[in-house]
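Q: Quick one: structure below, then a few questions.
Bear in mind that the values in this text are calculations on the coordinates, not laboratory data. Quick caveat: nothing in here was measured; it's all calculated off a predicted structure. Here the Cβ positions follow ideal geometry from the backbone for every residue, glycine too, while neighbour counts run over all protein chains shown.
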Ligand SMILES: NC(=O)c1ccc[n+]([C@@H]2O[C@H](COP(=O)([O-])OP(=O)(O)OC[C@H]3O[C@@H](n4cnc5c(N)ncnc54)[C@H](OP(=O)(O)O)[C@@H]3O)[C@@H](O)[C@H]2O)c1
């Protein structure tokens, strides 16, 4: 667009260009594998990377996409851990999965069983790992304990619901209101959600009814920020933790002074990419 008026002329306008290109595939080196990408999702962090707001940014031009599943087509002469036909996922962010084929280093990928659903394989490395670690690393959750989360219908939120249910942990799942609220609520309940409530309900007296049968949460998982995060904090147990992993509202997290003084809540953050880098020596596994 043209910056014709003085009010816009001082702004920096960023043009984001993502386009399909044909590129030559390099020869397969001794420790490389040639892979065919079977499926790769578009995650919010991919968009943040393109916008230039993510914590890691590749040198340009770059191939987008941080996760996905690929099939090994050919292996280099010194490759030990992989063979043709294996399914692999990226070990780290920034691999550039939005492409049809690639030559990758053997060490840049992890193999996984190829008898799981393709879409599960393509989305295994980020959201379920994030959910699993957040349910494991911040509070000692026992069967019967509760977790509260916003953006409960997100990829991370749905993984939280299923992993928590498998461990006997109650989930209080907060979603934004919508015309099809009941259908979405039913779907999350079928996955194992204990309660599904609207953002507005968090501020209403009827929330007290819920806590007559469900213990106050030890852990709050915040993928939204802003008012939504503040509301989660209000319902946390004394000494509980709120873990922020996303900021979908693009609003900062405000912590009431009373939550710190009278409830001594712990306000923490989690980034799965850092977790993987910190735990990547030896055999990598999130679980
Ligand atoms: N820290 C980490 O390691 C880590 C790992 C994985 C993901 N993440 C982050 O977690 C977040 C969710 O990722 P995902 O892949 O699970 O997302 P997703 O499946 O695309 O779902 C997006 C979620 O965000 C909600 N949302 C969107 N805009 C919103 C707004 N303005 N206010 C409130 N809620 C809003 C959506 O709710 P509606 O349905 O109501 O629109 C939906 O629940 C992202 O910020 C992502 O970057 C972080």
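Q: For residue 142 and residue 278, compute 0.36 nm times the residue count separating them, minus their Cα-Cα distance, and round to one decimal in nm.
A: 46.4 nm
Q: When a footprinting reagent is the concern and you count Cβ atoms within 10 Å, what order do 213, 230 take, fewest first?
A: Fewest-to-most ranking of 213, 230: 213, 230.
Q: How high is the relative contact order of region 22-122, given as a whole-number percent (alpha carbon pairs under 8 Å, six or more residues apart)?
A: This gives 37 percent for region 22-122.
Q: In what order do 260, 221, 124 fall by count of nearby beta-carbon atoms within 10 Å, going from fewest to most?
A: 260, 124, 221
Q: Additional query: Can you give the FRET efficiency for residue 48 and residue 251, using 1/(1 + (r/R0)^6), R0 = 22 Å, r = Cβ-Cβ distance, to the nearest 0.05?
A: 0.90
Q: With just the Cα atoms defining each centre, how far is region 145-215 from region 227-285? Give it in Å.
A: About 18 Å separates the Cα centre of region 145-215 from the one of region 227-285.
Q: Taking other Cβ within 10 Å of each residue's Cβ, how do 248, 49, 134 sort, fewest first?
A: 248, 49, 134
Q: For the chain, compute Rh as the Kirkwood radius over C-alpha pairs and then the Stokes-Einstein diffusion coefficient at 4 °C and 1.567 mPa s; write the answer in µm²/s, rounded to an integer.
A: 61 µm²/s
Q: Given the Cα-Cα distance of residue 62 and residue 271 and 0.36 nm per residue of separation, how much length would full extension add, in nm?
A: Answer, rounded to one decimal: 73.0 nm.
Q: How would you order 24-30, 153-159, 82-88 from highest to lowest mean count of nearby Cβ atoms within 10 Å?
A: Descending packing order for the listed peptides: 153-159, 82-88, 24-30.
Q: Is it possible to state the helix-based mean residue ellipticity at 222 nm for the chain, with each DSSP H run of 4+ residues giving -39500 (n - 2.57), the sum divided by total residues, to the nearest 500 deg cm²/dmol? What is it?
A: Only helices count here, giving -7500 deg cm²/dmol.
Q: Once the cut-off is 17 Å, how many percent of the Cα-Cα pairs in region 87-143 end up in the long-distance tail?
A: Here the tail beyond 17 Å accounts for 50 percent of pairs.
Q: Taking 0.36 nm per residue of sequence separation and subtracting the Cα-Cα distance, how much length would be gained by fully extending the chain between residue 209 and residue 177, in nm to one decimal?
A: 9.5 nm
Q: How long are the semi-axes of the equivalent ellipsoid of region 49-116, defined as square roots of 5 times the Cα gyration tensor eigenvalues? Whole Å, largest first.
A: Working through the eigenvalues yields semi-axes of 25, 13, 10 Å.
Q: Taking the convex hull of the Cα atoms, report for region 121-277 its projected area averaged over all directions, in nm².
A: 9.4 nm²
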